[in-house]
Amino acid sequence: MKFLFQLIISLVVALNAPNLLALAPGDRVDNFQLLDQNGEAHELYYLSDMKAVVVMTHGNGCPIVRNALPTLKNIRDTYQQKDVAFLLLNANLQDDRESINKEAVEFSTDFPILVDETQLIAESLGVIRTAEVYVIDPKTWKLAYRGPIDDRLAYGAQKPEADAHYLTDTLDAMVAGKAVKLAQVDAMGCLVNLPESGRREAHAQISYSEQVAPILIDRCVACHREDGAGPWHMTKYEMVRGFAPMMREVLRTKRMPPWHADPHYGKFVDPRSISNDDMKTLVHWIEAGAPRGDGPDPLAKLDTSWSEWAMGEPDLIVEVPAYDVPANGVVDYKYPSTDNPLDHDVWVRGIEIMPGNREVVHHVLASVFDPSNGRQRGTLGNLGGYAPGKNAVPYPEDSGLLLRKDAKFRFQMHYTPNGKAMTDVTRIGLYFYEEPPKHSLDQLVIYDASLTIPANAKAHQGKVEHVLSKDIMLYSLLAHSHLRGRAAKITAHYPGGDEEILLSIPKYDFNWQPIYALDPPKFIPSGTRVVLDMTWDNSAQNPANPDPSKTVFWGDQTWEEMNVGWFRFRAADDEDRRKARLESEMRQSAAGSRQTQASATHRESNTSTH
Ligand code: HEC
């Protein structure tokens, strides 16, 4: 009888829901990836080995959330051993990663709180209030329950004990493989402001011609064009419309555009990322049915011919030995090498990499090494790298790399078969200085070859660190692991005690090996400890993992692992030190007196000699 009553209540609630697009039990929850308050990535469908996934909506300053959290913690402590995953989701307009982190620390909230900056995920869940739990069944990705944890809390009131335990009842049923009895209960919590939620008609007015196509041209067409790296070509509206649902999926899961640095840390040259606003425009337009609307089709009129040598005719062209790329399968990284044809030393001022076949060359790292001292390993990409959409690598002004006449070129070639067998001959164009430049580019490679990754470990961590022995201007950096790489972070611990994340890759993707170039380059004082934190996923949940049952050690092959940090820099001079000092003083006067210590350190390092 009581059950029937609850069923009626929940039906009434469902009918009265203010958001007509609200997700109802039985509806499918589409995949997404979001970063949490600590910058860690969480993808919903990664949790496919769980019995249930609980997502509770969160908001800073909401008393009902604060009251619900201890209960949720207790539930988690019991149910996480039963393969139930727990996440919080914050889509508040007024909250951001920093404020969420602050409140989490203050209230000892140790759940990952996913920050839904675009609100797209909350919109698709039909979020109305905070403190509502969504229980998702990973077998079907359907919503099994939405509503409060229990009936203990009310607005401004709470009972000492709950009478109805909605969440644990749901979880007990799911863990036991039984049907969930009560799938929806009216939730109490603070209303979340989602201004775009349910505005399908307004979103149908988004102009393909004036809003959507320009974003695609700016963010996607570098690869998704004739003979480009992308598997399909954005040549006209009809193509985009056909791929629209897939575009929505890759945008929500952050697979496209392929850019893996957390935008909260560091500023880089030519980031391939997409802004939150552009992402909203694309997804809202797709969700409104991807209408053509009026106006010309900018994609149809695009000149997509490939330019030869953007930096001009090279002084030397080096051919990478030809490689026959098969029609399908996985091609392991190739490491061809070739001799330097020059009979004299030259200073290189930049390179340009011209893939023989853009459809199959996924990336190239070009290096020179001196065969006499065998320093092959430490040269990963010291000349520069190619990733789709980026050919030219001009070096910083007045800086060059000395190419010795007896050096050898070595390449890391990543080929991705695309359905047709073809032969690739990639060319490297080199550009020389007439006079030796003021600065010599240098590189630092840090690695830990003693790594051991246990079988089935989901998040095994490794660390490499190095203390700089001179002041440097840092230009670019790269963190490298293989198929089991899950996340990487490079942090500078300054001598004054401050620390700064230089690069964070929350979801490492072995397929993409971009070199991250800092914009502008960064002065880093002697005594700074740079730390690379690598996380590997050796579990079956990592779709790239060739064998979760193997303990993995260091090795060149992709089924072995690496933990490598690479830095391109030059020695800093007095002018750099002067500028860095000025900048840090300006920052301090802006930030008040808190950082006086750091400036003292900068001054100290100026007087040290190298
Ligand atoms: C730097 C090159 C590059 C850029 C920029 C890029 N893509 Fe892609 N895209 C690829 C490649 C390569 C693939 C094939 C899968 C892979 O390698 O990850 C792909 C695959 C896709 C797919 C098919 C997914 C699949 O693998 O089934 C979609 C859809 C897509 N991209 C959409 C986009 C959209 C939308 C943008 C812009 C917002 C974009 N891409 C930007 C290179 C790119």
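A compact table of results
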| read-out | value |
| --- | --- |
| With all protein chains modelled, accessible area of residue 318 [1.4 Å, Å²] | 10 |
| Förster-model FRET efficiency, 30 Å R0, residue 301 and residue 328, C-beta, rounded to 0.05 | 0.30 |
| Residue-normalised accessible area of the range 316-440, expressed per residue, 1.4 Å probe, Å² | 43 |
| Heavy-atom accessible area per residue - the range 442-575, 1.4 Å, Å² | 38 |
| Per-residue SASA entry for residue 246, accessible area with 1.4 Å probe, Å² rounded to 10 | 80 |
| Spatially near lysine pairs across the range 2-175, Cα under 23 Å, sequence gap of 8 or more or different chains | 10 |
| 16 Å reach of a label modelled at residue 226, 7 Å along Cα-to-Cβ, counting backbone N of the range 288-306 | 299-306 |
| Cα-projected label distance for residue 106 with residue 519, points at 7 Å along beta-carbon direction, nm | 3.6 |
| Gyration tensor (Cα) of the range 167-244, equivalent ellipsoid semi-axes in angstrom | 42, 21, 11 |
| Among beta bridges that DSSP assigns inside the range 316-440, antiparallel share in %, nearest 5 | 95 |
| Accessible area in the full protein assembly, largest first, 1.4 Å probe, for 169, 533 | 169, 533 |
| At 1.306 mPa s and 10 °C, Stokes D of the range 316-440 from Kirkwood alpha-carbon radius, µm² per second | 106 |
| Sulfur and carbon atoms: percent of accessible area, the chain [1.4 Å] | 51 |
| Value of Rg to Rh for the chain (Rh from inverse mean 1/r over Cα pairs, i.e. Kirkwood) | 1.00 |
| Protein-only accessible surface order, largest first, of 108, 584 at 1.4 Å | 108, 584 |
| Tensor-based shape of the range 419-562 (alpha-carbon gyration tensor, a/c under 1.5 rounded, otherwise prolate or oblate) | oblate |
| Average Cα contact separation per residue, the chain, under 8 Å, 6 or more apart, as relative contact order % | 12 |
| Whole-number percent relative contact order across the range 437-503, with pairs defined as alpha carbons under 8 Å at least 6 apart | 18 |
| Extension gain from residue 448 to residue 164, taking 0.36 nm per residue of separation minus the Cα-Cα distance | 96.9 nm |
| Per residue, in Å², the accessible surface of the range 2-175 once ligands and nucleic acids are set aside, probe 1.4 Å | 43 |
| Rounded FRET efficiency, nearest 0.05, which uses the C-beta distance separating residue 172 from residue 76 and R0 of 22 Å | 0.95 |
| Equivalent-ellipsoid semi-axes of the range 238-278, from the Cα gyration tensor, Å, largest first | 24, 10, 8 |
| The range 269-399 - charge dipole about Cα centre, Lys and Arg +1 at Cβ, Asp and Glu -1, debye rounded to 20 | 500 |
| Residue-averaged 222 nm ellipticity for the chain, from DSSP H runs of 4+ at -39500 (n - 2.57), nearest 500 | -6500 deg cm²/dmol |
| The chain: angle of helix 166-175 to the longest principal axis, Cα-based, in degrees nearest 10 | 60 |
| Label-point separation in nm, residue 217 to residue 315, each point 7 Å along Cα→Cβ | 3.7 |
| Solvent exposure ordering (accessible area, 1.4 Å, most first) of 582, 302, 72 | 582, 302, 72 |
| Nearby lysines by direct alpha-carbon distance to residue 236 (threshold 20 angstrom, same-chain neighbours under 8 apart not counted) | 301 |
| Contour minus Cα-Cα distance for residue 422 and residue 560 (0.36 nm per residue) | 46.9 nm |
| Crossing angle, helix 63-79 versus the chain [Cα axis fit, 0-90 degrees, rounded to tens] | 80 |
| Considering only the chain, percent of DSSP beta bridges that pair antiparallel, nearest 5 | 85 |
| Helix 574-591 axis, angle to the chain major axis (alpha carbon atoms, nearest 10°) | 20 |
| Cysteines, the chain, no other Cys beta-carbon under 4.7 Å | 220, 223 |
| Three-way shape label, the range 199-314, alpha-carbon gyration tensor, a/c 1.5 | oblate |
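The values are calculated or read from the model by the stated rules, or taken from the named source; none is laboratory data. Here the structure is a predicted model, which is why all the values come from computation and not from measurement. FYI the Cβ positions are ideal-geometry reconstructions off the backbone, even for glycines, and counts take in every protein chain you see. Only protein heavy atoms, including side chains, enter the accessible area calculation; ligands, DNA and RNA are left aside. Shrake-Rupley method; radii C 1.70, N 1.55, O 1.52, S 1.80 Å.
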